[in-house]
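Nothing in this text is a laboratory measurement; each read-out follows from the coordinates by a stated rule. Owing to the predicted nature of the structure, the values given are computational and were not obtained by experimental measurement. We place every Cβ from the backbone using ideal geometry, glycine too, and count neighbours over all the protein chains shown.
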Amino acid sequence: MQGVGAMKIRRLTGAILVCGVFWVSQSCSSCSSHNENHSEETLGLTVSHPVARSCDVLLTSSEGAARFEVEFSESVKGQVSERAPKLTVSFINRLDEAFDGAVATFETSSVDISQNKSLSVEKAKCFDEDGHPVEKPGVELR
């Protein structure tokens, strides 16, 4: 049965990637590593529900966030779309097992440290190996 689950996950991956989620890189020409007010924060996105195999997550940033760099863990295939102040992350576990640790890390930079820059999870929908929704998937930023 594990082969059937993997096949359903592959179909679900295709469905997630076909949704039109794409990477938009933003550059900030006014940002400088020499800027005294420049600050960085690294956050990890975790999924605690043991049956979750894929997720679509909508994150919201405060106005102080100028840039996001996203890196997925090796066991996760993912896509990111950014339209400030929203950030959409869709990902699927390459393995037919529970997510382990941070599935993605986000490095945020702010040009003005006095502004409260941060990311927060606005919505999260996760699915099991058969594509069924997972109740309370436990998606958090840490």
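Once you have the Cα-Cα distance between residue 118 and residue 98, take 0.36 nm times their residue separation minus that, and quote the gain in nm to one decimal.
Contour length minus the Cα-Cα distance gives 4.5 nm.
Modelled this way, with points 7 Å down the Cα-to-C-beta line, the labels at residue 83 and residue 48 are 3.1 nm from one another. Once both labels are positioned 7 Å from their Cα atoms along Cα-to-Cβ, the gap between residue 130 and residue 69 label points is 4.2 nm. Footprinting exposure proxy ranking of 107, 135, fewest other C-beta atoms within 10 angstrom first, gives 135, 107.
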